[in-house]
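Trainee: I am attaching a structure below and will ask some questions about it afterwards.
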Amino acid sequence: MAARRALLAAGRAAGGRRGAAGAAPGAGASPGASPGAGAAPGAARSRLYEHVREGLSARPQLDVTALSEREVEQRRGPLGGAALREIVRTWWRLREVRDGIARLEAEKGRVAQGVRDIMASQDKAAAKTLPALAALRERGRSLRGQLRLLAAEESELEQRFYLGALQLPNRTHPAVPVGDQRQARLLQVVGEKPVFEVEPKGHLELGEGLDIIRQRRLSHVSGHRSYYLCGAGALLQHALVTFTLRKLLSKGFLPMTVPDLLRGAVFEGCGVRPSATPSPVYTIDPARFEDLCLAGTSEVGIAGYFMDHAVQLQDLPLRVVCSSTCYRTETDTGQEPWGLYRVHQFTKVEMFGVTAAERGTESDELLDEFLGLQKEIFSELGLHYRVLDMPTEELGLPAYRKFDIEAWMPGRGKFGEISSASNCTDYQSRRLNIMYSGEGGRLSHAHTVNGTACAVPRVLIALLECNQLPDGSVRVPPVLQPLVGQEVLTRPPKPLLRYIGPNQPGGGPPKPPEVGTPTPKTS
């Protein structure tokens, strides 16, 4: 196994060099590809395809002919319509080559049988003199030569196809608005904006005043966009997770914990590209740990649980809930560097569903169910929010349709996204080989649906800012009060910590008393 991986790694390096030298917009660089062969931008590596080549999972069963050029152009993805045309051409040529290989293999079998028949009916010495045997053997040599050439072409075409096709988006629901975020369709507004007697404070100012959030002076501890929750802040996080899990468990969800570290192949199968520049995920040092990334959502881990497995039709739909730590690189570092809105690490409760596709509407129905549960959770928390049908450029690669919920955040003076719910149809299942077994054991690709049940930091922002009182204290929503143990979070008499470090204003060790100054007495 180690030797095979080393050979594959060497092949990847060589292929990557050749692809970089001769890449053009299209279906992906391949070893020996000539300029203009249709290589997709950034397609020098696919961890999912490497996974397949190493024999670790089944080949993705991609249906590129179901996509239209218009759909590809309307999505904000790495490829355009011209690339789709090239990928489809590659696919049809690959099918022709495979059909040709099958025909030649069948003929080779007939030739081999003819040789065996002659050898069985003749004396060995006499058989060697027969022109028919010589002709069959000559034909066998010719067939083997043709098969070698076609096998090499098949390998090149397959690599070119997958390196491009794995970057294509899902199909798009016909009702999805076309365009960027500004084209999002407002579906519903729930609740009323809170009214304040004074200018509302932001969550960071509130949290620091209550001594439940710390984000200052952490660059030398845990880097930028990190934070601590302590005291009632930590209790609020646990309360939100517990409240959400109880809600979903009562609805029949299967609880699950997942690994935080996962192979890049699973990310790609879910529609996340670890090899993109800049990368949306953290990759563990590849010199020590081959192909391991930190998950930005438990959706990836749950999908990996079902990878290369089949579920019985009668057990569908399956609804899974998972609370996990999520890691995000937040590559657009210019946006909101302070506060909890964009952070590198946070806790999130995720919903994930696996459905059949017998009627063609099962995943749409589960998406509506997940959206209904999200609204139920946020309404019970007393949030003012709106529901949006997201446009084509906001769907990412895997979503067929996506609904976002944005809560009102008075301190920010605007709505902010707190959840999304996506129907990925068979996009992830075709890449990760997630199947269901129907009548007679027939295997079909399942559909997958996912939705955020509670992204703790963003829900905390809305809760703190909407429930603040004029003196800086914060009301706890009634559904969380039994879990937090308080009705109102109040300011402590004094901060728990005082900064004495050397590298920021106001720091440094306490100054020694001047000569002649009385030393304070200690009790």
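The values are calculated or read from the model by the stated rules, or taken from the named source; none is laboratory data. Model, not experiment: these values are computed from the prediction. Please note: Cβ atoms are built from the backbone with ideal geometry, for glycine as well, and neighbour counts cover all protein chains shown. Keep in mind that these areas ignore ligands, DNA and RNA; they rest on the heavy atoms of the full protein, side chains included. Shrake-Rupley method; radii C 1.70, N 1.55, O 1.52, S 1.80 Å.
Trainee: Could you give log10 I(q)/I(0) at q = 0.12, 0.16, 0.28, 0.30 Å⁻¹ for the stretch 317-377, computed by the Debye formula over C-alpha point scatterers of equal weight, without solvent?
Mentor: Ignoring solvent entirely, the Cα scatterers give -0.48, -0.72, -1.10, -1.18.
Trainee: Okay, moving on. Run the dipole for the stretch 303-431 about the Cα centre, Lys and Arg Cβ at +1, Asp and Glu Cβ at -1, nothing else charged, and hand back the magnitude in debye, nearest 20.
Mentor: In debye, rounded to 20, the stretch 303-431 gives about 340.
Trainee: Separate question: Using +1 at the Cβ of each Lys and Arg and -1 at the Cβ of each Asp and Glu in the stretch 334-379, identify which of 343, 370, 356 lies farthest towards the dipole's positive end.
Mentor: 343
Trainee: Where does helix 2-21 land angle-wise versus the long Cα axis of the chain, in degrees 0 to 90, nearest 10?
Mentor: 90 degrees
Trainee: What does the charge add up to near residue 378, with Lys and Arg as +1, Asp and Glu as -1, over the other residues with Cβ less than 13 Å from its Cβ?
Mentor: Result for the neighbourhood of residue 378: -1.
Trainee: Would you kindly derive the ³J(HN,Hα) couplings of the stretch 221-226 from the backbone phi angles with the Karplus curve 6.51 cos²θ - 1.76 cosθ + 1.60 (θ = phi - 60°), listing them in order in whole Hz, with x for Gly and Pro?
Mentor: Whole-Hz 3J(HN,Hα) from phi for the stretch 221-226: 9, 9, x, 6, 6, 10.
Trainee: Shifting gears a bit: Compute the longest continuous run of the chain that contains no exposed GluC sites (Glu not before Pro); treat a site as exposed when its DSSP state is not H, G, I, E or B and it has at most 14 other Cβ atoms within 10 Å.
Mentor: Longest run free of exposed loop sites: 55-191.
Trainee: Let me ask another. Of the options 449, 132, 64, report the single residue whose Cα projects farthest towards the positive end of the charge dipole of the chain (beta-carbon charges: Lys, Arg +1; Asp, Glu -1).
Mentor: 132
Trainee: Measure out, as a whole number of angstrom, how far apart the alpha-carbon centroids of the stretch 210-255 and the stretch 350-428 sit.
Mentor: 22 Å
Trainee: Express in Å², to the nearest 10, the accessible area of residue 305 obtained by rolling a 1.4 Å probe over the protein heavy atoms while all chains stay in place.
Mentor: Only protein atoms counted, so the area is about 130 Å².
Trainee: The stretch 171-281: Rg/Rh from Cα coordinates, Kirkwood Rh?
Mentor: 1.03
Trainee: Where does helix 456-466 land angle-wise versus the long Cα axis of the chain, in degrees 0 to 90, nearest 10?
Mentor: It is inclined by approximately 30 degrees.
Trainee: Based on DSSP H runs of at least 4 residues, each adding -39500 (n - 2.57), what is the mean residue ellipticity at 222 nm of the chain after dividing by all its residues, to the nearest 500 deg cm²/dmol?
Mentor: -12000 deg cm²/dmol
Trainee: Let me ask something additional. Against the longest principal axis of the chain, how steep is helix 131-165, in degrees 0 to 90 to the nearest 10, with axes from Cα atoms?
Mentor: In the chain, helix 131-165 runs at an angle near 20 degrees to the longest axis.
Trainee: Would you kindly state how much longer the chain becomes between residue 338 and residue 358 on full extension, computed as 0.36 nm times their sequence separation minus their alpha carbon distance, in nm to one decimal?
Mentor: Full extension from residue 338 to residue 358 adds 2.4 nm.
Trainee: Evaluate the charge dipole of the stretch 383-443 about its Cα centre and quote only its size in Debye, nearest 20, assuming +1 on the Cβ of each Lys and Arg and -1 on the Cβ of each Asp and Glu.
Mentor: 100 debye
Trainee: Of the options 436, 484, 286, report the single residue whose Cα projects farthest towards the positive end of the charge dipole of the chain (beta-carbon charges: Lys, Arg +1; Asp, Glu -1).
Mentor: 286
Trainee: Okay, next question. Order 279, 155, most accessible first, counting only protein heavy atoms with a 1.4 angstrom probe.
Mentor: 155, 279
Trainee: Residue separation times 0.36 nm, minus the C-alpha to C-alpha distance between residue 414 and residue 146: what's the value?
Mentor: 89.9 nm
Trainee: Determine the dipole magnitude for the chain: charges of +1 sit on the beta-carbon of Lys and Arg, -1 on that of Asp and Glu, nothing else is charged, the reference point is the Cα centre, and the result goes in debye to the nearest 20.
Mentor: 1720 debye
Trainee: Among the listed pairs 375/402; 201/402; 247/494; 247/402; 201/494, give every one whose C-alpha distance is greater than 26 Å.
Mentor: Going by Cα-Cα distance, 201/402; 247/494 fall outside the 26 Å limit.
Trainee: While we're looking at this one, here's another question. At a temperature of 4 °C and a viscosity of 1.567 mPa s, determine how fast the chain diffuses translationally according to Stokes-Einstein, using the Kirkwood radius over alpha-carbon pairs as Rh; express D in µm²/s, rounded to the nearest whole number.
Mentor: The estimated diffusion coefficient comes to 48 µm²/s.
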